[in-house]
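The values are calculated or read from the model by the stated rules, or taken from the named source; none is laboratory data. Not measured: the values here are computed from a predicted model. Every residue, glycine among them, receives a Cβ derived from its backbone with ideal geometry; neighbour counts consider all protein chains shown.
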């Protein structure tokens, strides 16, 4: 089994691992630290789990570009997973399904799971929780059963919730800011997937290229980076009220 994910704040990786459980011989690839830069064709018959965070109802644009250009299959069975922050996953999961099918994979299952929101962190705080992890393990068991009977000649695309055409991709109006706690360790600049933090001035952020993934916040040892300011605080209160109701995992086979 190959497990591919993009996990700037660790929750998408946790989700993928909870789905797969303690399987032996799992090859992991986090596109944050190991982006795809050349064609990668999976061995015939090798199943793949592709897990993506949801940004404004779509999968991250940089991941879409990487996967479309470089990840190839030959009727390999695939599992598509979207991880979102309790608002909605909108068209992200069906977008991921279409991308994989276009590149030679047979999507046999899909799921949308909830994790703590990466910007408004009071939303879905503590998730995935124990109940989420139980549902992830159950989903993994159902996927293994589907894989045991997989026959590419009999594959027909499964129905996954979402719209075609997809909703318009748009950026997030908030980017991380840096305060006086910055110790110039450069962890943020070295790990930014869009190179939006200059090495020479790591306390700055290029707002035109930042995708607000939160990797810099997650990696900062002094909590120097974060979302701040009066406009952000007002937006956070509104978002927290709008997304207070707990949403549950959705599974598709």
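Figures for the structure shown
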| item | result |
| --- | --- |
| Any chance residue 150 is touching a strand residue (DSSP E or B) at 6+ places or on another chain (Cβ under 9 Å) and either surrounded by fewer than 13 Cβ atoms within 10 Å (Cβ to Cβ) or part of a loop (DSSP other than H, G, I, E, B) (or both) | yes |
| Lone qualifier among 125, 137 - being in a loop (DSSP other than H, G, I, E, B), exposed (fewer than 15 other Cβ atoms within 10 Å of the Cβ) and under 21 Å from the mean Cα position of the chain (by Cα) | 125 |
| From the options 41, 15, residue that is in contact with a strand residue (DSSP E or B) (Cβ under 7 Å, 6 or more places away or on another chain) and in contact (Cβ under 8 Å) with a residue 40 or more places away in the chain | 15 |
| Filtered residue count, the stretch 174-185, keeping only those that are touching a strand residue (DSSP E or B) at 6+ places or on another chain (Cβ under 9 Å), closer than 23 Å to residue 239 by Cα and not in a strand (DSSP E or B) | 1 |
| Residues of the stretch 44-83 that turn out to be within 14 Å of the chain's Cα centre (by Cα) and within 23 Å of residue 146 (Cβ to Cβ), as a count | 11 |
| Qualifying positions in the stretch 76-85 - closer than 12 Å to residue 48 by Cβ and in contact (Cβ under 8 Å) with a residue 40 or more places away in the chain | 77, 79, 80, 81 |
| Residue under evaluation residue 188, criteria (1) assigned to a loop (DSSP other than H, G, I, E, B); (2) surrounded by 16 or more Cβ atoms within 10 Å (Cβ to Cβ), criterion not met | (1) |
| Residue count for the stretch 210-247, restricted to those that are part of a helix (DSSP H, G or I) and either touching a helix residue (DSSP H, G or I) at 6+ places or on another chain (Cβ under 7 Å) or over 13 Å from residue 182 (Cβ atoms) (or both) | 17 |
| Check on residue 171, at pLDDT below 95, under 19 Å from the mean Cα position of the chain (by Cα) and assigned to a loop (DSSP other than H, G, I, E, B) | yes |
